[in-house]
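Presented below is the structure to which this report refers.
The values are calculated or read from the model by the stated rules, or taken from the named source; none is laboratory data. This one's a predicted model, so the numbers in the text were calculated from it and none came from an experiment. All Cβ positions, even for glycine, are placed from backbone atoms using ideal geometry, and neighbour counts span all protein chains on display.
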Amino acid sequence: MARPMAPPTRKKPPRIPRQVWIGLLAVVLVLGSIGLVIFSFTVIALDKDIRTRFAGVRWTLPAQVYAAPLELYAGQRVDAGALRHELERLGYRSTENLDGPGTFAMGKSRADIFIRGFHFWDGPRPEARISVKLDADGVTDVLDLDSQQPRDIVRMDPMLIGSIYPQQGEDRVLVKLDEVPELLREGLLSVEDKGFYDHFGVSIRGVFRAMFVNLRAGHTVQGASTITQQLVRNFFLTMDRTWTRKINEMIMAVLLERHYSKQEILEAYVNEIYLGQDGNRAVHGFGLASYFYFNKPLGELRDHEIALLVGVVKGASFYNPRRNAERAKNRRDLVLHVFRDQGLISDAEMEAAIARPLGLAGNKKGGVERYPAFVDLVKRQLRGQYKDSDLTDEGLRIFTTLEPRAQEALERSIIQGLATVEKSRKMPEGTLESSGVVTSVDGGEVLAVVGGRESRYAGFNRALDSRRSIGSLVKPFVYLSALEQGDRYNLQSILEDEPISLRLPNKQVWSPGNYDRKLHGPQPLYMALAHSYNLPTVRLGLEIGEKSVVETLKQAGYSGDPALLPSLFLGAVDVAPIEVAQMYGTLAANGFQSPLSSIREVTTKEGEPLNRYPIRVKQTLPEGPVYLINWAMTQVMRLGTGRAAYSKIPDEVVLAGKSGTTDDLRDAWFAGFAGDRVGVIWVGRDDYKPMGLSGSTGALPIWSSLIKELNVRSLDLIPPPDVEEQLADTVTGLKADEGCQSRLLVPYLRGYAPAEWAPCARAATSQPLQWLRDIFE
Amino acid sequence: MKTALSTLPVLRWSLAALLLALLGGCASSVGERTTRYPEQPPAQTGIGTVRPAPQPTAPAPNLPIPITPGNGSPVAIAPPPKAPEYPKSAEAISGQAVLSLMKQAREARAAGKFDQASGALERAQRIEPRNYFVWSALSRVYLDKKLYDNAESVAMKSNSLARGNIYVELENWKVISEAREAQGDSIGALQAQSRIDEIQRNLIGSGG
């Protein structure tokens with residue numbers, strides 16, 4: 001400020017010379033102008049900031065990750081209970097009458113469903129009212145309720161299972177204003193900014209009204225900031241309570257109002273406002289909050305749910321309904337009163353809504369981030385094809401292969417299985433860890449992944465990253481390498497079960513033993529596998545060589561490069577469960593390998609297809625020998641180390657599998673398959689300490705529960721053209737007929753079945769003559 | 001393993017082995033140690049003792065040769081029994097949902113929408129994972145999409161599942177032949193063509 005001039009010392013009242021006045025005015029003018037210029041520059045800068053940010057990419061939109069949709073068709077093996085569960089998981093609401101998309105009415109043998117519309121990669125599927133008829137085996141008919149015509153197949157909307165957001169980032173599901181329920185729109189304004197449509201960004205009246213309302217209520221009910229100011233604060237500014245920020249906020253609010261319509265501002269607000277926190281993930285906007293708290297789209301929220309979301313706006317942490325349920329309910333009920341006072345709902349509706357519980361979906365942490373281990377796999381598959389920023393900012397829609405039913409079955413089997421075994425072995429709770437993978441046999445889709453017993457929390461993903469010794473899981477590949485040499489080996493080839501000592505390259509002597517530390521005499525090849533005997537396996541391995549086994553492992557899908565040592569034959573190779581699933585999947589698909597995939601399609605946020613992932617197939621192992629080893633693995637299940645599975649699974653379901661145990665019982669594995677599913681289970685300790693469990697005692701019970709819950713198809717063993725089956729006498733391994741009491745139909749590579757009759761065979765009595773006849777013929 | 005060792009089979013076996021040894025001069029002899037399995041002359045091929053596999057019986061005419069990895073055409077065709085026994089079209093082995101998706105795929109393909117066509121067939125494949133008609137149709141669409149390598153493999157997969165259904169195999173070998181041709185593998189294409197010719201001859205021969 002300019003200093004005033006010293007007063008004159010004359011008697012007469014001093015007369016300020018005109019020049020002084022002019023000078024003073026000039027100074028004021030100059031300073032004013034400078035201030036104005038500075039202010040203008042500030043405003044222009046803020047204006048530019050607003051326009052560029054608001055007009056450009058307004059939000060970074062994390063990619064949305066969807067599970068595979070459930071298909072409904074006659075023959076689908078989903079019973080009434082499972083269908084209800086599926087619908088509830090999708091956030092469908094049970095009603096008497098279908099009163100809108102996302103509702104269903106369930107009877108004993110019939111389910112009426114009002115399906116939500118959904119934009120799939122191949123186009124939109126409009127909402128529809130259908131009726132599904134069911135019996136004990138599953139769906140028998142699907143009928144369109146509007147046209148009363150049968151429908152061959154109906155795709156349900158897929159479940160949103162997660163999103164790919166930046167490390168410390170905002171997550172949101174974008175909604176358009178016309179998708180926002182009227183009660184939410186009006187209710188939000190009545191609580192947060194009653195004069196929204198009248199003010200110019202800042203409301204003087206609003207400040208006074210808020211003061212009045214808050215004083216009357218005795219506590220803060222309304223804030224003084226307008227919706228526009230709140231948006232500016234959320235969008236551009238920090239939350240500091242400083243005067244500069246407050247002034248900037250007001251200027252920007254006014255500017256925003258000058259450039260954009262009320263509708264645009266409200267839409268932005270609805271998508272921007274902070275409504276919750278889930279670990280690193282900040283939940284922004286009502287679109288995501290609706291899924292985060294209630295697991296359904298915004299359009300399907302009911303009065304009490306809308307009121308809760310509106311209530312949370314005031315303080316997502318303070319009113320966090322999962323942590324502070326009572327406080328949140330009080331806030332919700334207060335909001336419901338405001339709704340009633342504003343005439344948005346009736347008295348009766350308010351009372352009904354107040355009577356309802358909060359109705360939150362999910363657990364305490366909740367939210368849509370349900371399957372972190374699977375989403376982790378999806379991210380890895382996308383890596384290299386998309387930039388990180390494409391995934392976190394562009395709102396891509398990723399349609400994955402996750403089958404929620406399989407995922408739930410896997411999680412439940414692991415959690416219950418570990419608890420049971422810890423209890424029975426008197427281990428402290430939480431001693432054991434486990435991971436598992438489920439894939440489809442033909443097509444190689446990953447259907448479920450569990451990375452640890454705390455399956456809801458992203459952490460060390462053991463299914464993908466924990467590479468541990470696979471023990472006897474390697475044996476099928478050792479035996480397969482042998483069976484590929486049809487002129488040397490078949491399933492009945494006798495292997496000695498005798499002690500063996502080997503001098504290794506490092507001069508150490510290696511003397512492996514059987515798991516039960518016993519010798520069992522000579523064993524036919526398939527029995528040695530069924531009982532997982534080590535000594536016959538090492539002997540066989542040494543005959544065919546480490547190289548040949550590694551070759552087979554690689555053809556099955558193993559990506560490592562193990563040392564060529566005899567310990568390889570007993571599984572001294574470190575493999576992650578997901579890769580074990582790949583390897584066993586190649587066997588399950590008769591040697592046709594499908595590289596495991598977790599993604600089907602990727603589209604833009606508008607639904608334009610960007611990428612499709614076709615089924616990929618390549619024959620990497622010969623069909624005949626694979627058939628033989630699969631047959632041998634069915635014997636593992638029938639009479640070997642996997643037989644306990646049949647205490648849970650019906651006898652008629654044919655399964656193939658193999659147990660795996662490592663030195664000192666540090667790792668327990670079970671890997672196997674039915675006609676349509678491959679399952680791999682690992683159990684162990686993170687600190688690598690022995691845990692006293694083998695593959696059969698630690699992993700098999702979990703695997704069996706999993707297979708039972710998956711409702712698998714039986715393995716159909718139809719021999720390929722280069723395989724023939726012949727009755728074998730189980731005692732001698734030779735050709736049998738009805739004369740042999742214990743006989744088994746055994747497959748052989750065509751042309752390599754034993755021609756010699758077993759002594760028990762009726763035909764054997766004439767064998768010498770036959771033999772003579774053969775010579776002459 | 002079902003029956004425990006009974007004396008009778010051992011005796012019978014011993015007698016039989018003795019007889020064989022006498023008659024044929026075979027080297028088999030019964031070991032002193034009693035096990036469930038007769039001792040065989042050890043084949044000293046390494047450290048383990050492995051019973052020599054029986055000599056292959058003479059392969060029946062037209063029977064495939066056992067395959068090994070790396071063999072150019074891993075799927076051999078079994079001698080066609082009676083062609084008409086095999087289903088000629090998907091209707092015979094498919095559910096309504098799959099047929100509906102296959103129809104969608106046909107329409108999409110006719111309209112040049114190959115992504116839609118393969119998408120519908122992939123859905124069908126998930127419903128009936130072993131339906132070789134679906135795999136066969138899928139191989140044709142992958143061929144349309146110029147995914148030659150995959151088209152060939154998927155056709156092979158269909159062949160493997162078809163277990164001798166020559167109607168499906170005929171279509172599959174056509175895809176394989178075209179896929180190989182498109183990849184510049186003329187010899188492979190010719191081999192596929194010879195399979196086509198063979199199947200066509202069989203079809204004519206069987207009146208199919």
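Remarks
- Residue within the range A:105-113 that is closer than 30 Å to A:R281 by Cα, more than 14 Å from chain B (Cβ to nearest Cβ) and assigned to a strand (DSSP E or B) present: no
- Counting only residues that are buried (at least 17 other Cβ atoms within 10 Å of the Cβ), in contact (Cβ under 8 Å) with a residue 40 or more places away in the chain and part of a loop (DSSP other than H, G, I, E, B), the range B:162-208 holds 3 of them.
- The range A:446-494: number of residues that are in contact with a Lys or Arg (Cβ under 6 Å, 6 or more places away or on another chain) and outside any helix (DSSP H, G or I): 4
- All conditions in (1) closer than 21 Å to A:Q485 by Cα; (2) part of a loop (DSSP other than H, G, I, E, B); (3) without any contact (Cβ under 8 Å) to a residue 12 or more places away in the chain hold for A:K554, with the sole exception of (2).
- For the condition more than 14 Å from chain B (Cβ to nearest Cβ), among the hydrophobic types (A, V, I, L, M, F, W, C) and on the phi > 0 side of the Ramachandran plot, A:L665 qualifies.
- Within the range A:608-623, being assigned to a loop (DSSP other than H, G, I, E, B) and among the charged types (D, E, K, R) holds for A:E608, A:R616.
- When the residues of the range A:714-735 are filtered to those that are free of Cβ contacts under 8 Å to residues at least 40 places away in the same chain and either over 20 Å from A:M527 (Cα atoms) or away from chain B (no Cβ under 11 Å) (or both), the one that is surrounded by the most Cβ atoms within 10 Å (Cβ to Cβ) is A:P721.
- Taking (1) surrounded by fewer than 24 Cβ atoms within 10 Å (Cβ to Cβ); (2) within 14 Å of chain B (Cβ to nearest Cβ); (3) within 13 Å of A:V478 (Cα to Cα) in turn, A:G521 satisfies each apart from (3).
- The range A:376-407: number of residues that are part of a helix (DSSP H, G or I) and farther than 20 Å from A:E86 by Cβ: 13
- Within the range A:139-193, restricting attention to residues that are buried (at least 19 other Cβ atoms within 10 Å of the Cβ) and among the small types (G, A, S), the residue that is farthest from A:V78 (Cα to Cα) is A:S190.
- Test: A:S435 is at pLDDT below 95 and touching a strand residue (DSSP E or B) at 6+ places or on another chain (Cβ under 9 Å): no
- Checked against the criterion of being buried (at least 16 other Cβ atoms within 10 Å of the Cβ), out of contact with any Phe, Trp or Tyr (no Cβ under 7 Å at 6 or more places or on another chain) and under 23 Å from B:E122 (Cα atoms), the range A:94-106 contains not a single residue that satisfies it.
- Of all residues making up the range A:447-497, the number that are out of contact with any Ser or Thr (no Cβ under 8 Å at 6 or more places or on another chain) and surrounded by fewer than 21 Cβ atoms within 10 Å (Cβ to Cβ): 10
- Residue under evaluation A:M583, criteria (1) buried (at least 20 other Cβ atoms within 10 Å of the Cβ); (2) part of a strand (DSSP E or B), criterion not met: (2)
- Candidates A:H219, A:H259, filtered to the one that is at pLDDT 80 or above and not assigned by TED's automatic domain parsing to the domain that holds A:A45: A:H259
- When the range A:595-624 is filtered for residues that are at the interface with chain B (Cβ under 9 Å from one of its Cβ atoms) and of a type outside the set (A, V, I, L, M), the ones remaining, listed by number, are A:R600, A:E601, A:P609, A:R612, A:P614, A:R616, A:K618, A:Q619, A:T620, A:P622, A:E623, A:G624.
- Helices (runs of 4 or more DSSP H) wholly inside the range A:237-337 that include at least 2 residues being within 30 Å of A:M159 (Cα to Cα) and hydroxyl-bearing (S, T, Y): A:285-294
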